[in-house]
Each structure stands twice: as C-alpha cells, then as structure tokens.
1. Excluding VAL15 itself, what net charge comes from residues whose Cβ is under 10 Å from its Cβ, given Lys and Arg +1 and Asp and Glu -1?
2. Viscosity 1.002 mPa s, temperature 20 °C: give me the Stokes-Einstein translational D for the range 5-139 in µm²/s, with Rh taken as the Kirkwood radius over C-alpha pairs.
3. What aspartates and glutamates sit close enough to LYS122 to cross-link, taking a C-alpha to C-alpha distance under 17 Å and skipping anything fewer than 8 places away on the same chain?
4. Across the range 201-210, in residue order, what do the Karplus-derived ³J(HN,Hα) couplings come to in whole Hz, using 6.51 cos²θ - 1.76 cosθ + 1.60 with θ = phi - 60° and x for Gly and Pro?
5. What is the magnitude of the charge dipole of the range 144-238 about its Cα centre, with +1 placed on the Cβ of each Lys and Arg, -1 on the Cβ of each Asp and Glu, and no other charges, expressed in debye to the nearest 20?
6. What is the distance, in nm, between label points placed 7 Å from the Cα along the Cα-to-Cβ direction at LYS177 and at LYS242?
7. Using the Karplus curve 6.51 cos²θ - 1.76 cosθ + 1.60 with θ = phi - 60°, what ³J(HN,Hα) values do you get for each residue of the range 215-220, in whole Hz, with x for Gly and Pro?
8. Please report, in whole Å³, the volume per residue of the convex hull around the C-alpha atoms of the range 144-238.
Amino acid sequence: MSKAKVMVVEDESIVAIDISQRLEALGYQVTATVSTGEKAVEMAEKTRPDIILMDIVLKGDMDGIEAAEEITKRMKVPIIYITAYSDEETLKRAKITGSFGYIIKPFEDRELHSVIEVALHKHQLERRLAENDELFRAIISSIRDILFTADSDESLTMISPGPLAEYGLDADEVQGKKVSEVFGDGIHSEMIERALRGETVSYEWVWKPKGKFHFETTLSPLRDFEGNINGVVGVHRDVTEKELARRALERETAINKSLAEISKKLLPPLHSRRYLRA
C-alpha cells in the first residue's frame, strides 16, 4: 500500500522539522514543508499531497485559514489545522472552510496519526459519495421515464429533469409542488395514499400538458434508515405510442371482423353454390 503524501505548513522551522520527522516515522511521505500561506497554495498545486497539515497562524499577508480557502478552490484535498489556540472564534473560522479536523499543540504522535487517518477516511467517503451522486445524476438525466420522489404531503422532493422538457416543464419550477398539481390527474393522490400505507401500486392515466399523453405509473413506499415510510418513489412511463398502436390494432381487428360478417351475408353458403350449378 502506498504511503499517504502529507504537506506541512508551519512557519516555525524547528516545529516544522519535528512534525516532518514524526510523520515519516509514522509511515507518511512528506511532499513539502512551507512556512507561508502563499507558498502553501503554490506547493499544494505542484506536489498534489493527499492531505495538508496547516498551521493557522502564519507570518505574512495570508494566514492558514485563508490559504486553506484558496487551496480548496483549486483542488479537493483534506486539510487539518494545527493551532496553539482553541478559542471559539478561531475554530469557527476554521469550520467554515470545511476542514477535516484540527489538532492543538503540543500533540502526541498517536493524536497526529489518528487525526490524519480519520481525515483521509472521511475524504475518501466524501469522494465516493460525490462520484455516486454524479453517476446518479447522469443516469437520471439519460432515462426517458420521469423518475420522482414525493414526501408524505405529496409534494415533489426530486424529479428527473431530462424528460420534463419534452412536455414543456422545468424541474426547478415544479420542485415542491403537489404531484396532482403538476400532472393534473386526481388519481395520483389516491395512489400515493396507498403507497404511503406500504403498497406498491401501478395504474394508467392521461396527461394533457400540450397534447394528450398516455402514462403508466408505478409507485412504491420510500423508507428511511429505520424502515419508516416517509414518502414515495415513482416512475411515470410514457406509453402513448403503445396505446395508439393498441387502438389501431383494435380498429383493424374490428374492421376485419365487420368485413368478414358482411362477406358471410353477401356470399351464399358453399352447398347453395353447388345446388345452383346443378
């Protein structure tokens, strides 16, 4: 397993050397040791560390918190603050930057190791969540069905944006509105109530946003981590072409049936034709 790369930002040279030696003894790779906020921004981009130990109080125009803000704008890297101060105002400023923790001087090797490992693990989880979120958004945008969730008040909490544009709607505009208000059919409320009671239901309905569209919808209960139902998840599938094809087939079948009945009445039976020829 490769060593995690750590950059140290500390303006006291003796302290910086001590931290670097302790990090290497713990099995980490120190990519750079810098003493100013400006240099921290430069070296973060150049060395691409896995994590940064950032002293809050630095000499120069840019302190550690300002340097962390600038680094975060340019790259996604977890930052742990090192500080000799634990006052509320300093910690409040540090929290706003989205830091992955802080450690107060003086600290033991065990503390240093723990805070780094926790920060690296948290960063990895956040990255996976972000990747999954992007994948989910890509999937939602690519499907033609209208996927949505609604809360127990039947208000839309999420809806796939892609398909809505085909019907003249915008996802941002319908967010928070009632399902029946957006899709204009009273059957939705009845079916959502059933789903909120734990049923999975399917039904057909007609929507007329700018034309006449036939839909099939499936609703299922949406549960929280404790298993409680707190909403519904649904899929609206446009089956207009399927419905039109079905109706066309029905018409064709009816026409063929009528023609067969007319033919039966107009043409004499086979034994009658034999009698006439005789």
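All of the numbers you see were taken from the coordinates with simple rules; none came from a lab. Keep in mind that this is a model prediction, so the values were computed, not measured. Quick reminder, even Gly has a Cβ in these numbers, built from the backbone with ideal geometry, and neighbours come from all protein chains shown.
1. On the way: positive: LYS105; negative: GLU10, ASP11, GLU12, ASP18, ASP55.
Summing Lys/Arg as +1 and Asp/Glu as -1 gives -4.
2. Details: Rh = 15.1 Å.
For the chosen part, D equals 142 µm²/s.
3. Cross-link targets: ASP50, GLU111, GLU131, ASP133.
4. 10, 10, 7, 10, 7, 10, 10, 10, x, 7
5. 260
6. According to this spin-label approximation, the distance is 2.6 nm.
7. Per-residue couplings from phi come out as 10, 10, 10, 10, 10, 9 Hz.
8. Values: hull volume 8.1 nm³, N = 95.
Convex hull of Cα atoms, per residue: 85 Å³.
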